[in-house]
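No value in this document is a laboratory result; all are computed from the given coordinates. Note that this is a predicted model, so its numbers are computed, not measured. Here the Cβ positions follow ideal geometry from the backbone for every residue, glycine too, while neighbour counts run over all protein chains shown.
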Amino acid sequence: MQNISNELKVYELSLIWKEAEYNFAFWEKLNGTLDWDKAYKDALPNVLATDNLYDYYMELSKFLALLRDGHTNINFPQSVISSRAYLPVFFNYIDGKHIITHDHKSLNINQFLIVKKFNGVDIDEYIEKNILPYIWHEKYDSAYGQIRSFLQLGEENSEVELEVEEDGASRVITIKRIKNKMKWVYNQKGILNMMMHKASRFMKPYAIKIFGKKKLAPSQYRHNHNMQPSEELEGIYSSNSHRIYKTKDNIAVIVIDTFSNNKLGEEFYANQRILETMSGFIIDVRKNGGGNSDNADNVAKAFIDGEIRTGRDLKPIHIGTYKAWAKYQGFGDKTYDELVSERGYSELLEKMYKIPKHMYYEEEESFISHEGCPFLLNQPLVVLSSCSTGSAAEDFLITLDQANRVIIVGSASCGSTGQPLFVDLESGGSFRICTRNCTYPDGRQFIDIGVQPHIKCELTLDDYKNGVDSVMNKGLEEIRKLV
């Protein structure tokens, strides 16, 4: 794999240091635990010692991971990603265990093996030493998608020894990483279903007419890995922005897997005649990693009458003049409160003390109103969440929760949102720095914690084995109490 010049390595590491120094939103959280200048100097020889792009980007990842934020990370060049091969087994973190839930069709292994060791090392120890230093992992379940990728990726034809447990007995299996497209095998309810890796959840949909407009009709509802609720859900609408199903007793199940699609509001509003006839709603955002909060608001406002306060955010401010003046003030190790007690409050004192320490912010509150939405849905609402519900999807949860308009069922959300600053790197990759510290309106934190569900419900190993979407089942149970 190609290498780059030392001059470019120094420049790109310095660029990352600079953009984080002046734009990162969470320095106050790291005060006393991270010396950013020292971290830069420590990273420099490691970056220079790399002899290929993969190792170089791993060192950049390790450096940026010191900021411990889910919206702050390195993106590898496509050339590096395409050069790697995949371990043809799919790990899931279930009930605190690493489980193989499905595998490549060419492998002759049983499903739902518990992985105990990875290349002879306890798998938790392996992850802690070889993966966690390179990624945000403050909320382990939310970071597991990245953990899985690091476990899978490696050089083509490289072999991995997995010690697995099945029915209380342990054995070692050796699996080789491959580069060809994956066809995963799922073993649920005694049926083998083969699907293309990262392909559509549905077979090719067929066209139908809905109120005079041509739309795509989704097939029967499926969650991850072909999991189904205990009752049939009829598909009545599908587009790239969202899908709508309904139960036999007229409850709508709306699946929104991303808030990145800017047609979401328009297409959601176009379904007014469908939505107004429903007796209640379940919105499934368990796989929604975020996108544009405006798109999320366009859906949320359909359920909100009037205007509500939805959040508070802090944006760091840097003005170099105050940092210059602070150098001659003799602040020493005194706290801000101690200085105010001695000298009295002034805006000048506050800026001179806080700006050099990354503690001075523009504070702003956010609001949402029903204005601009062509209809109001007063029917009961349940939203399903998971550790993969992130960013703008978490803002969506908080908005509906603040309006006292929702029952959230599932598990705590991802625990990471904000406005990232994206910066391209000349070597082919990019990085992002989170520039916005978001909280609940009253200041409560959900970063690294997640938005908490009102009713906690998580998929279990038995659910995976039986192909049962117990979280959807719980959502249907709760919405029927409200209808």
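Among helices (runs of 4 or more DSSP H) entirely within the stretch 7-76, having at least 1 residues that are farther than 29 Å from Tyr336 by Cα singles out 36-48, 53-64. Starting from residues that are in a strand (DSSP E or B) and β-branched (Val, Ile, Thr), keep the ones in the stretch 409-426 and report whichever is farthest from Leu13 (Cα to Cα). Only one residue fits best here, namely Val409.
When Lys9 is tested against (1) surrounded by 16 or more Cβ atoms within 10 Å (Cβ to Cβ); (2) within 27 Å of the chain's Cα centre (by Cα), just one condition goes unmet, and that condition is (2). Residue count for the stretch 429-472 satisfying the condition of being over 24 Å from Ile114 (Cβ atoms) and crowded, with 17+ Cβ neighbours inside 10 Å: 16. As for the stretch 35-52, it holds no residue that is within 25 Å of the chain's Cα centre (by Cα) and more than 25 Å from Gly290 (Cβ to Cβ).
For the stretch 446-471, the set of residues classified as acidic (Asp, Glu) and either in contact with a Pro (Cβ under 7 Å, 6 or more places away or on another chain) or within 17 Å of Val409 (Cβ to Cβ) (or both) consists of Glu458, Asp463, Asp469, listed by residue number. Look at the stretch 91-102: where a residue is outside any loop (DSSP other than H, G, I, E, B) and a partner is hydroxyl-bearing (Ser, Thr, Tyr) and buried (at least 21 other Cβ atoms within 10 Å of the Cβ), sitting 6+ places away or on another chain with Cβ atoms under 7 Å, you get Asn92/Thr101; Ile94/Tyr464; Thr101/Tyr464; His102/Tyr186. Does the stretch 59-76 contain at least one residue that is crowded, with 16+ Cβ neighbours inside 10 Å and among the acidic types (Asp, Glu)? Within the stretch 59-76, one or more residues are crowded, with 16+ Cβ neighbours inside 10 Å and among the acidic types (Asp, Glu). Cys373 falls short on exactly one of the conditions (1) in contact with a Lys or Arg (Cβ under 6 Å, 6 or more places away or on another chain); (2) in a strand (DSSP E or B); (3) surrounded by 20 or more Cβ atoms within 10 Å (Cβ to Cβ), and that condition is (2). How many residues does the stretch 236-250 hold that are part of a strand (DSSP E or B) and closer than 12 Å to Ile274 by Cα? Qualifying residue count, the stretch 236-250: 5.
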